[in-house]
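Below is one structure, written out as structure tokens; the observations come after it.
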């Protein structure tokens, strides 16, 4: 209706990376200065604009950064624990709809920095020193090669901001090494299910955890009849799958599904609302009676166009409107205020979900090192896999890794762009082990077998 | 449901309490209301709110000072402490605190005051009479709990993200020891004889008992409540009777206060109180114990000897800390 079929859709930003708040003025300078410090890379434009293609994977030498010196005064007697952040630069992602949502260049990296600093404050008392190395590359092969090189040099803990496919390549390349990969950004169910790997832990919530969090709240509200609007990207279809599963699980009814084809065209233009104001209501005409509109648009290409523009007055939820997220820059409860403040002082901006997921990963290593008083991956990796491991992560209760697929179980926040609305699991959703396992695929239904040995 | 049950209990206990309370001294109970920027003052005899004091932003930790003439509260978001008169409830003065003060404690001699700066990984030492900062001591990430040994020699500070109890020499401010405890330690409480420190771990769900002299972990108190998941059992406030026999531990969203036998470190009883119970305060005669129930905006009253909850008193929004003045 409203748009022509555009070029093939490009990989979207993960829903977990969605930004929520504007950056303070002067941010780019701070971020740039920081990036120089942390990772003297070949300079790449990162604020939205696609970059020049990186060197082909056959030439793996150049693009990765040398290790960044983190600890100022190194104590020769201290245990040294190096953590590697591996970033897959996905320049083909479209810039977001809103100017407020342009990801900062240090998205995720700032979370790693904060966790390293938190680890070192504790480490000071235990003579442990944590340092952060960063590698980034635009192609999976290049990234995998760089990570393998670092792991062979002795880095055992890798935090990845990468797509599902790259993660699997990374996992397979590290299969026989003493190393663990934390998935901080990919929500894909398959990584926790059919394609699960023993050497991957997931701090990013899975799609089904996010949609279950939403579904529980809508059940609490008795908003049972849903219209599902699905975007054209593969991720949107996966998100829609998760929505359908959630609807079934919690007794909701999807009264109609509509596919929204959309060609984003030029993102920044002097105009646009005039047409959208006509297009969205007409797209939403003639629907059966419904309580909410669930939008599946992980790439944030069109979802934000729906609130206040539907044909009849219905709330929008899903990837736009009320959305599920592991973290939100407006969280104040659970000691969150101090955590947010520490982050702001360090990064000069608010904390995003990717920062939080990375923080959880780096803190997991710190927590394991503290409890075991060791840097040895042969000690720490099995410990993080054991039921004894637990982490305090500003979520009001301990977070732990699911023993059957390495997923971090955690409360999920439902929020609008500005403020927290609620936290799931909702009251009344009970579980024999932990209520957190009412979010996402549970042990009896898992297709992951790799952890059973 | 909680409220209803308490209503019944309090109705039953009202006459009993009237008998016991009439010959007890009336104390003033000061409750800081974190979200309301007030202190509710409760009369311990009538168990009614008799006054409300306006405070600065985000009042949290609250203690007595100047021989009970002052109540000092951390106005965390104003980065200062405020002093009020315990008889007139009038504002006396501000005290410096360093950034984001959370929990203060006085030296046993009455001065100085030590306060944890949750946002700055510091403990600030303040002269309460001169109103000056003496020094600050770097500690772990998100310092919170503060304990002072009865002999005035050792200060114990807990850090919520470092998960340690830091033993600090109260005179030289030098670190004596750092003891790892469970996740998110909130409160450190010495036994009256000074031999032990009890440290609650909110996320870990335990209380670690440390021997003061050797800094050895003597054991841990663990909790189990039928029908409540482990995740909801989150120990915060700890108060130990002067005779060293009973410890009361507030269990946060489990909405219970545990009564623990100090010698065996075993829970004897769980008392149902209001929602998200955090901090506890005895009357000076230890006949009553007051609890701050954050989410239900009330204070539960526990009769210590009977180990019974006898009343709940509505206070301001999100009650946080409590202290009782003679």
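The values are calculated or read from the model by the stated rules, or taken from the named source; none is laboratory data. Treat the numbers as computed from the prediction; the structure is a model and nothing was measured. Here the Cβ is made from the backbone with ideal geometry for all residues, glycine too, and neighbour counts use every protein chain on show.
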- prompt: Of all the residues that make up segment B:191-209, how many are farther than 15 Å from residue B:161 by Cα and within 13 Å of chain A (Cβ to nearest Cβ)?
  reply: 1
task: Could you look through segment B:226-258, keep only residues that are more than 13 Å from chain A (Cβ to nearest Cβ) and surrounded by fewer than 18 Cβ atoms within 10 Å (Cβ to Cβ), and pick out the one that is nearest to the chain's Cα centre (by Cα)?
output: B:241
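Which of the following residues is in a loop (DSSP other than H, G, I, E, B) and either within 20 Å of the chain's Cα centre (by Cα) or within 14 Å of chain B (Cβ to nearest Cβ) (or both): A:304, A:289, A:367, A:388?
Checking each option against the conditions leaves just A:388.
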message: Given the criteria touching a residue at least 24 places away in the same chain (Cβ under 8 Å), within 14 Å of chain B (Cβ to nearest Cβ), within 18 Å of the chain's Cα centre (by Cα) and under 26 Å from residue A:177 (Cβ atoms), does residue A:86 qualify?
response: no
In segment B:104-122, the residues that are at pLDDT below 95 and assigned to a strand (DSSP E or B): B:116, B:117, B:122
query: For the subset of segment B:86-103 comprising residues that are part of a loop (DSSP other than H, G, I, E, B) and more than 14 Å from chain A (Cβ to nearest Cβ), which member is surrounded by the most Cβ atoms within 10 Å (Cβ to Cβ)?
result: B:97
field: Top-ranked residue of segment B:162-185 - restricted to ones that are outside any strand (DSSP E or B) and within 14 Å of chain A (Cβ to nearest Cβ), ranked as farthest from residue A:116 (Cα to Cα)
entry: B:174
message: Please count how many residues of segment A:341-354 are surrounded by fewer than 20 Cβ atoms within 10 Å (Cβ to Cβ) and within 11 Å of chain B (Cβ to nearest Cβ).
response: 3
- prompt: Out of (1) buried (at least 18 other Cβ atoms within 10 Å of the Cβ); (2) more than 15 Å from residue A:306 (Cβ to Cβ); (3) within 21 Å of the chain's Cα centre (by Cα); (4) at pLDDT 95 or above, the odd one out for residue A:247 is which?
  reply: (3)
- prompt: What number goes with the only condition from (1) closer than 30 Å to residue B:33 by Cβ; (2) without any contact (Cβ under 8 Å) to a residue 40 or more places away in the chain; (3) away from every other protein chain (no Cβ under 14 Å) that residue B:188 does not pass?
  reply: (2)
- request: Kindly indicate whether any position in segment A:209-217 is touching a residue at least 12 places away in the same chain (Cβ under 8 Å), within 30 Å of residue A:149 (Cβ to Cβ) and outside any loop (DSSP other than H, G, I, E, B).
  value: no
message: Step by step: first the residues of segment A:370-385, then only those that are within 14 Å of chain B (Cβ to nearest Cβ) and without any contact (Cβ under 8 Å) to a residue 24 or more places away in the chain, then the one that is surrounded by the fewest Cβ atoms within 10 Å (Cβ to Cβ). Which residue is that?
response: A:372
task: Could you identify the single residue in B:280, B:272, B:288 that is in contact with a helix residue (DSSP H, G or I) (Cβ under 8 Å, 6 or more places away or on another chain), more than 14 Å from every other protein chain (Cβ to nearest Cβ) and in contact (Cβ under 8 Å) with a residue 12 or more places away in the chain?
output: B:272
- request: Looking only at segment B:118-130, count how many residues are away from every other protein chain (no Cβ under 14 Å) and over 14 Å from residue B:106 (Cα atoms).
  value: 1
Residues of segment A:393-424 satisfying the condition of being assigned to a loop (DSSP other than H, G, I, E, B), touching a strand residue (DSSP E or B) at 6+ places or on another chain (Cβ under 9 Å) and at the interface with chain B (Cβ under 10 Å from one of its Cβ atoms): A:393, A:395, A:396, A:398, A:411
